[in-house]
Amino acid sequence: MCPTGISAASARRYRRQRNGPRPPGRGSVTTVPFSDLAAMSQEVWPTIEDDYLRCLLGASYVGGAAVADFERSWAEYCGVSHCVGVANGTDAIELALTALGIGDGDEVVVPANTFIATAAAVLRAGAVPVFADVSDDTLLLDPATLRAAITPRCKAVIVVHLYGQPADMDALTSVADEHGLLVIEDAAQAHGAQWRGRMAGSFGAVGCFSFYPGKNLGAFGDAGAVVTRCPKVADRVRALANHGRAGGAARHQHDFAGRNSRLDALQAIALSGKLAMLERWTCRRIELARHYADRLGPAGIRMVGTAGPARHVYHLLVARVPDRHRVQNELRRFGIETGLHYPVPCHLQPPLRGYTRERLPIAEQSAAEVLSLPLFPHMTRHQVDAVCVALETVLFAGVTAGTAS
């Protein structure tokens, strides 16, 4: 086994293919984009064109039947009774926290390995993020890292289902219940993910979703939603997102200071059309991820782990590689686009550095290694093969170069 973890078989294959795959401009090469949002939009457009144009030309842009229909469908899909469409996923978290009464210096546990929006929403709600380390296998919050982060002032925990994989909700909710913490699920990357057959977003007091265009279920712009089983929480979120107007209130009656964070009708129409295709697209993601595993597993290339009871929907397929900057640049030369999610953990971001005094070693180490590989529903197995050959070639080339020096 080579120092990077590449197997002897992969090394032999590299020697046989020492001159390929070749960079663009030097002959045949398979260019693989990181994602292909256009293909998804083109597939869904014929199914929504009439409704979309009717809404567009009829100028019924805010609220209405299209939004209500999507909210009902998304709540049913998630296995909950209520859904409130909002403007984006960050607002979903902030509105959920506020609706649950979290703010004014309350502490909220947040995993350090997440997009900054998770922690920023805590701050914007007036609360204080307390950062927790993550599992070295899944890079998700786990019971041990949650326990280590809890303080007497903690009122809630945000469990992030990162990369499309749900965290261990059995164990995490048990720890949260033991300490009297509300559970908020950040399911912005986990549309359709499941833990023991139960949908992500349905475990906590609320589940928060982003429908940013690049998500597994993405709108044609920004959009989000809060899902819950509690009608009072749903009503509070809806009022907060609509300038403080409580249900049934007159147009100019505002019971409290809210904000403007509404899901618009055009986005709801796009989301309803894509929701009808989500399961098929998800199954395709899972199929492609397995093909990646079949190719990269025997080579010993380290991938972010998946917990057994989880249905991972592979919003992102993440490898952990040494010398990531070189690897990413070399893959780009071979026509392979990759992503970084996320190269700086939250607690080391400039506006958040003052909220932890301790090092979080797993989050910090993994942030230097994670590399997101191309994966999208319209990807082909040939493209997966091209990514795998290029990645093995680049990693093995790094070993041979290091040995030679």
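The values are calculated or read from the model by the stated rules, or taken from the named source; none is laboratory data. Here the structure is a predicted model, which means the values were calculated and not measured. Note that each Cβ is placed from the backbone with ideal geometry, even for glycine, and that neighbours are counted across all protein chains shown. Heads up: the accessible areas ignore ligands, DNA and RNA and are worked out on the full protein's heavy atoms, side chains in. Shrake-Rupley method; radii C 1.70, N 1.55, O 1.52, S 1.80 Å.
Identify, please: which residue in the range 109-136 is aliphatic (A, V, I, L, M) and open to solvent by 10 Å² or more (accessible area, probe 1.4 Å) and is, among those, farthest from Pro361 (Cα to Cα)? Explain how you work it out, then say what you get.
Quick first cut of the range 109-136, residues aliphatic (A, V, I, L, M) only: 109-110, 112, 116-117, 119-123, 125, 127-128, 130, 132, 134.
Next cut, open to solvent by 10 Å² or more (accessible area, probe 1.4 Å) only: 116-117, 120, 123, 125, 128, 130.
Numbers: Ile116: 18, Ala117: 21, Ala120: 22, Leu123: 24, Ala125: 28, Val128: 21, Val130: 15 Å.
Checking each candidate, the answer is Ala125.
What about Leu278, is it over 21 Å from Leu139 (Cβ atoms), open to solvent by less than 60 Å² (accessible area, probe 1.4 Å) and not in a strand (DSSP E or B)? Write out each step before concluding.
Working: over 21 Å from Leu139 (Cβ atoms): yes; open to solvent by less than 60 Å² (accessible area, probe 1.4 Å): yes; not in a strand (DSSP E or B): yes.
Spelling it out, Leu278 is indeed over 21 Å from Leu139 (Cβ atoms), open to solvent by less than 60 Å² (accessible area, probe 1.4 Å) and not in a strand (DSSP E or B).
Hey, does the range 80-93 have a residue that's open to solvent by 50 Å² or more (accessible area, probe 1.4 Å), modelled with pLDDT of 95 or more and more than 18 Å from Cys208 (Cα to Cα)?
no
Output the qualifying pairs, or none if there are none: Cβ atoms under 8 angstrom, residues six or more apart or on different chains, first residue in the range 300-316 and free of Cβ contacts under 8 Å to residues at least 60 places away in the same chain and among the aliphatic types (A, V, I, L, M), second residue outside any loop (DSSP other than H, G, I, E, B) and surrounded by fewer than 20 Cβ atoms within 10 Å (Cβ to Cβ).
Listed by first residue and then by second, the contacts come to Met303/Ala293; Met303/Arg320.
Per-residue answers, yes or no, for (1) under 18 Å from the mean Cα position of the chain (by Cα); (2) open to solvent by 10 Å² or more (accessible area, probe 1.4 Å):
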position: Gly164; (1), (2): yes, no
position: Ser174; (1), (2): no, yes
position: Val183; (1), (2): yes, yes
position: Gly197; (1), (2): no, yes
position: Ala200; (1), (2): yes, no
position: Phe209; (1), (2): yes, no
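Among the residues of the range 291-305 satisfying the criterion of being of a type in the set (Gly, Ala, Ser) and at pLDDT 95 or above, which is farthest from Gln194 (Cα to Cα)?
In this case the residue turns out to be Ala293.
Here are some residues: Gln253, Gln267. Which one is open to solvent by 60 Å² or more (accessible area, probe 1.4 Å) and out of contact with any helix residue (DSSP H, G or I) (no Cβ under 7 Å at 6 or more places or on another chain)?
On inspection, the qualifying residue turns out to be Gln253.
Can you say whether Leu288 is closer than 30 Å to Met169 by Cβ, out of contact with any strand residue (DSSP E or B) (no Cβ under 6 Å at 6 or more places or on another chain), among the aliphatic types (A, V, I, L, M) and open to solvent by less than 40 Å² (accessible area, probe 1.4 Å), as far as the supplied structure shows?
So Leu288 fits the description; yes.
What number of residues within the range 205-247 satisfy the criterion of being of a type in the set (Gly, Ala, Ser), assigned to a loop (DSSP other than H, G, I, E, B) and without any contact (Cβ under 8 Å) to a residue 40 or more places away in the chain?
Result for the range 205-247: 3.
Is it true that some residue in the range 137-153 is open to solvent by 10 Å² or more (accessible area, probe 1.4 Å), in contact with a Gly (Cβ under 8 Å, 6 or more places away or on another chain) and not basic (Lys, Arg)?
Within the range 137-153, one or more residues are open to solvent by 10 Å² or more (accessible area, probe 1.4 Å), in contact with a Gly (Cβ under 8 Å, 6 or more places away or on another chain) and not basic (Lys, Arg).
Regarding the range 340-349, can at least one residue be identified that is polar (S, T, N, Q), at pLDDT 95 or above and in a loop (DSSP other than H, G, I, E, B)?
Within the range 340-349, one or more residues are polar (S, T, N, Q), at pLDDT 95 or above and in a loop (DSSP other than H, G, I, E, B).
Looking only at the range 306-327, filter to residues that are out of contact with any helix residue (DSSP H, G or I) (no Cβ under 9 Å at 6 or more places or on another chain) and more than 20 Å from Arg196 (Cα to Cα); which one of those is most open to solvent (accessible area, probe 1.4 Å)?
Per the stated criteria, the residue is His325.
Go through the range 51-64 and count every residue that is open to solvent by 70 Å² or more (accessible area, probe 1.4 Å), under 30 Å from Ser81 (Cβ atoms) and assigned to a helix (DSSP H, G or I).
Here the count works out to 2.
Which pairs have Cβ atoms under 7 Å, sit 6 or more apart or on different chains, and link a residue in the range 356-376 that is within 13 Å of Val304 (Cβ to Cβ) and open to solvent by less than 10 Å² (accessible area, probe 1.4 Å) to one that is assigned to a strand (DSSP E or B) and not aliphatic (A, V, I, L, M)?
Listed pairs, sorted by first residue: Ser366/Arg320; Val370/Arg320; Ser372/Gly339.
Got a number for residues in the range 211-233 being farther than 19 Å from Ser272 by Cβ and open to solvent by less than 30 Å² (accessible area, probe 1.4 Å)?
Total satisfying the criteria: 2.
Against the definition (touching a strand residue (DSSP E or B) at 6+ places or on another chain (Cβ under 8 Å), open to solvent by less than 30 Å² (accessible area, probe 1.4 Å) and within 15 Å of Gly204 (Cβ to Cβ)), how does Ala96 come out, yes or no? First the steps, then the outcome.
Details: touching a strand residue (DSSP E or B) at 6+ places or on another chain (Cβ under 8 Å): yes; open to solvent by less than 30 Å² (accessible area, probe 1.4 Å): yes; within 15 Å of Gly204 (Cβ to Cβ): yes.
So Ala96 passes the test.
Which residue, of Thr338, Thr380, is without any contact (Cβ under 8 Å) to a residue 12 or more places away in the chain and out of contact with any Cys (no Cβ under 8 Å at 6 or more places or on another chain)? Give the derivation first.
Values: Thr338 fails: without any contact (Cβ under 8 Å) to a residue 12 or more places away in the chain.
None of the other options fit; the residue is Thr380.
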